[in-house]
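Visitor: Questions regarding the structure given below will be posed in turn.
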Amino acid sequence: MKKFDYLKPQSLEEVLSLLNQFGTKAKLIGGGTDAIVMQRQNKISPDLFISLRGIPGLDHIEGNGLLKIGAMVTHRAIEQSPLIRERFPLLSEASGLLGSVQIRNVATLGGNLCTASPSAETAPPLLVYEAEVHLISQKGERRIPLESFFLGPGETALEQKEVLKEILLQPPPPNSRGAYLKLGRRKAMDLAVVNVAVLLTLNPKTGICERARIALGAVAPTPIRVREAENIIEGNQLNDELIRKAGEMAKHTCSPISDIRASSEYRREMVGVLVEKAIRQSLT
Amino acid sequence: MKQTVQFKLNGESIQIEVEPHLSLLQVIREKLELTGTKEGCGMGECGACTVLVDGKAINSCLFPILEVEGKSVTTIEGLIEADGTLHPLQRSFVENGAVQCGFCTPGMVLSAKALLDQHPKPTEKQIRLAISGNLCRCTGYIQIIRAIQAASEQ
């Protein structure tokens, strides 16, 4: 096994100065449930890991309007947070389906996003909530939409000396309801074959779908929003035909690959099925 | 370069010099010679290496040793009493035939302990969820679930 050093800085300033000092030789580590595995599989081989675990101010869940979730908040904490369950239930569900209890006790929300797996459990819910990520470096701070954070498998907009500090969630409009569906090969401890999040805002009087957000995971190089499918249902009263059309559109918009978990044909077919199902669940 | 790490192991404070790239599992088994904790996959998939850190079940194979600084670690050796009396969960596993080859057992027992410490009277669904990160390749899950149920009723 290749050896590495392991530093535990005490502040974000210290993290940034270490990143500056060690450059590409250093790698940030959150809970480590991805980073350590990747190190063992020789996918990454840093000379040192810089741990974010002891940094104050990265493990909060707070805010009345805008909800701020620190990058080091664990999936267990998200799953068990009454605030998130009530206001952002799709995220709560997704975090509760990630890995196992042992993984969720350690793995962090920031880590899930920075690993940038196309099947990242929390990505579709965060995309339909139009989450933003707060990044910090010695040059300053910036906020970007999560959608532009993902660049490709394992690739993010995070610059080499930049740290993901916080995930920001605006409350969706009133009368919004949604669903998160994960298709896996088994009930627990598996990555998604396809995961889908849908969030609809329905006018309570007319029943018209005023706003639709649909996001897919594991069927493109990054988790994606499918605006083409959203546009089909937005501004309309939903019926079987429109729901079917939205599913069809999502199916044709995504670009899945074949791998050990499923063939691209199967994934594409399932996108249609799951998008339809998630829309229907959001309506009930 | 070796570093010093200080933590509580099964109730006792210890201080040990370690290489920073080691996992908690490697230190427990190879330095402290407590071999009750098993290594299965070494990738966080199988749960054989489960221990409790501050009461929470974690995969010790993925846990960097320096992260246990100041924390409290419980391994399967920490469940047995000084006079050799088994923990009620251990006894229940024996009585319910929940041990076949035994390799997953320490991890199963500790996942169950973390559950019962939080929910003394869990539903079957809660039990299944709690051990969903522990694989039993002998597939004796029903007996394991029964053993946890029986322990929770005592």
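The numbers here are math on the coordinates, done by the rules we state, and not lab data. Just so you know, these numbers come straight off a predicted model, no measurement behind them. Neighbour counts run over all protein chains shown; Cβ positions are idealised from the backbone, glycine included.
Visitor: Averaged across B:131-142, how many Cβ atoms of other chains sit within 10 Å of each residue's Cβ atom?
Guide: Details: counts 3, 8, 9, 4, 2, 0, 0, 0, 0, 0, 0, 0.
So the per-residue partner count for this stretch is 2.
Visitor: Using a ≥ b ≥ c from the Cα gyration tensor of the range B:3-77 (square roots of the eigenvalues), is it rounded, prolate or oblate, where a/c under 1.5 gives rounded and otherwise the larger of a/b and b/c decides, a/b for prolate? Kindly include the intermediate steps, with their values, before the conclusion.
Guide: On the way: a/c = 1.56, a/b = 1.30, b/c = 1.20.
Because a/c hits 1.5 or more and a/b exceeds b/c, the range B:3-77 counts as prolate.
Visitor: Given springs between every Cα pair under 10 Å in a Gaussian network model of chain B, which of B:I131, B:I80, B:I28 has the largest fluctuation?
Guide: Judging by the Gaussian network model, the answer is B:I80.
Visitor: What percent of all Cα-Cα pairs in the range A:5-51 falls into each 5 Å bin, going from 0 up to the bin containing the maximum distance?
Guide: 5, 23, 33, 23, 12, 4, 0
Visitor: Separate question: Name the lysines eligible as straight-distance cross-link partners of A:K205: C-alpha to C-alpha under 29 Å, and not fewer than 8 places from it in the same chain.
Guide: List returned: A:K245, A:K277.
Visitor: Which of B:A98, B:A147, B:I131 sits closest to the plus end of the dipole of the range B:88-153, meaning its Cα is farthest towards the positive end, when Lys and Arg get +1 and Asp and Glu get -1 on the C-beta?
Guide: B:I131
Visitor: So who's got an amide H within less than 5 Å of the one on A:I208, skipping anything under 5 residues away but keeping other chains? H placed 1.01 Å off N, in plane.
Guide: For A:I208, the qualifying residues are A:N203.
Visitor: If contacts are Cα pairs under 8 angstrom and at least 6 residues apart, what is the relative contact order of chain A in percent? Intermediate values should be presented prior to the final figure.
Guide: Values: 630 pairs, mean separation 42.1, N = 284.
Relative contact order comes out at 15 percent.
Visitor: At a threshold of 8 angstrom on Cα-Cα distance, excluding pairs fewer than six apart, so keeping six or more, what relative contact order does the range A:195-234 reach in percent?
Guide: On the way: 60 pairs, mean separation 14.0, N = 40.
Relative contact order for the range A:195-234 comes out at 35 percent.
Visitor: Treating cross-link reach as a plain straight distance, find the aspartates and glutamates whose alpha-carbon is under 12 Å from the alpha-carbon of A:K139, omitting any fewer than eight places away in the same chain.
Guide: Here the aspartates and glutamates satisfying the reach criterion relative to A:K139 are A:E13, A:E159, A:E162.
Visitor: Additional query: Based on DSSP, what percent of beta bridges with both residues in chain B are antiparallel, to the nearest 5? Walk me through the numbers before you get to the answer.
Guide: Numbers: 14 of 16 bridges.
About 90 percent, rounded to the nearest 5.
Visitor: Using alpha-carbon pairs under 8 Å, 6+ residues apart, how would you state the relative contact order of the range B:1-141 in percent?
Guide: Across the range B:1-141, relative contact order equals 25 percent.
Visitor: Taking a cut-off of 17 Å, what percent of all Cα-Cα pairs in the range B:88-153 are separated by more than that? Intermediate results must be reported in sequence, preceding the final value.
Guide: On the way: 565 of 2145 pairs.
Here the tail beyond 17 Å accounts for 26 percent of pairs.
Visitor: What is the calculated FRET efficiency for A:D47 to B:E124, with r their C-beta to C-beta distance and R₀ = 41 Å, to the nearest 0.05? Please list the in-between numbers first.
Guide: Details: r = 48 Å, r/R0 = 1.17.
Between A:D47 and B:E124 the formula returns 0.30.
Visitor: With n ≥ 4 as the cut-off for DSSP H runs, can you work out [θ] at 222 nm for chain A, using -39500 (n - 2.57) per run divided by the number of residues, rounded to the nearest 500?
Guide: Working: 12 runs with 100 residues, N = 284.
After summing the helix terms and dividing by residue count, I get -9500 deg cm²/dmol.
Visitor: Check the straight Cα-Cα distances from B:K113 and name the lysines below 26 Å, setting aside those fewer than 8 residues away within the same chain.
Guide: Filter leaves A:K187, B:K8, B:K31, B:K38, B:K56, B:K71, B:K121, B:K125.
Visitor: Just tell me how shielded B:111-117 is by partners: mean number of partner chain Cβ atoms within 10 Å of each residue's Cβ, no decimals. If you can, show how the numbers build up before the last one.
Guide: Values: counts 3, 0, 0, 3, 1, 0, 0.
Other-chain Cβ atoms within 10 Å of each residue's Cβ, averaged: 1.
Visitor: Moving on to the next point. Once you put a point 7 Å from the Cα of B:A82 and another 7 Å from the Cα of A:R227, both along the Cβ direction, what distance in nm separates them?
Guide: For B:A82 paired with A:R227, the spin-label model returns 7.0 nm.
Visitor: Could you give the DSSP H helices of chain A that reach 18 angstrom or more along their long axis (alpha carbon positions) and whose average Kyte-Doolittle hydropathy is no lower than -0.5? Each step should come with its number before you reach the end.
Guide: On the way: long enough: A:240-253 (20 Å, -0.95); A:264-283 (29 Å, -0.32).
Span-like helices, by this rule, are A:264-283.
Visitor: Along the Cα→Cβ direction, 7 angstrom out, place labels at B:R137 and B:M1. What is the inter-label distance in nm?
Guide: It works out to 4.1 nm between the two label points.
Visitor: Here's something else I'd like to know. At 7 Å along the Cα-to-beta-carbon direction for both A:E241 and B:E12, put a label point, then send me their distance in nm to one decimal.
Guide: So the label points at A:E241 and B:E12 sit 7.7 nm apart.
Visitor: Right, something else. Of A:G57, A:G99, A:G178, which has the largest mean-square fluctuation in a 10 Å C-alpha GNM of chain A?
Guide: A:G57
Visitor: Would you look at the GNM of chain A, springs on alpha carbons closer than 10 Å, and say which of A:K68, A:K251, A:K25 moves the most?
Guide: Answer for the Gaussian network model of chain A: A:K25.
Visitor: Could you give each residue of the range A:71-78 its phi-based ³J(HN,Hα) in whole Hz, using Karplus coefficients 6.51, -1.76, 1.60 with θ = phi - 60°, and x for Gly or Pro?
Guide: Karplus-based 3J(HN,Hα) across the range A:71-78 equals 4, 8, 5, 7, 5, 5, 5, 5 Hz.
Visitor: Hey, another quick one. Please label the shape of the protein assembly as shown as rounded, prolate or oblate, based on the square roots a ≥ b ≥ c of the eigenvalues of the alpha-carbon gyration tensor (a/c under 1.5 means rounded; beyond that, a/b larger than b/c means prolate, else oblate). Present the calculation step by step, with values, prior to reporting the outcome.
Guide: Numbers: a/c = 2.03, a/b = 1.38, b/c = 1.47.
Because a/c hits 1.5 or more and a/b fails to exceed b/c, the protein assembly as shown counts as oblate.
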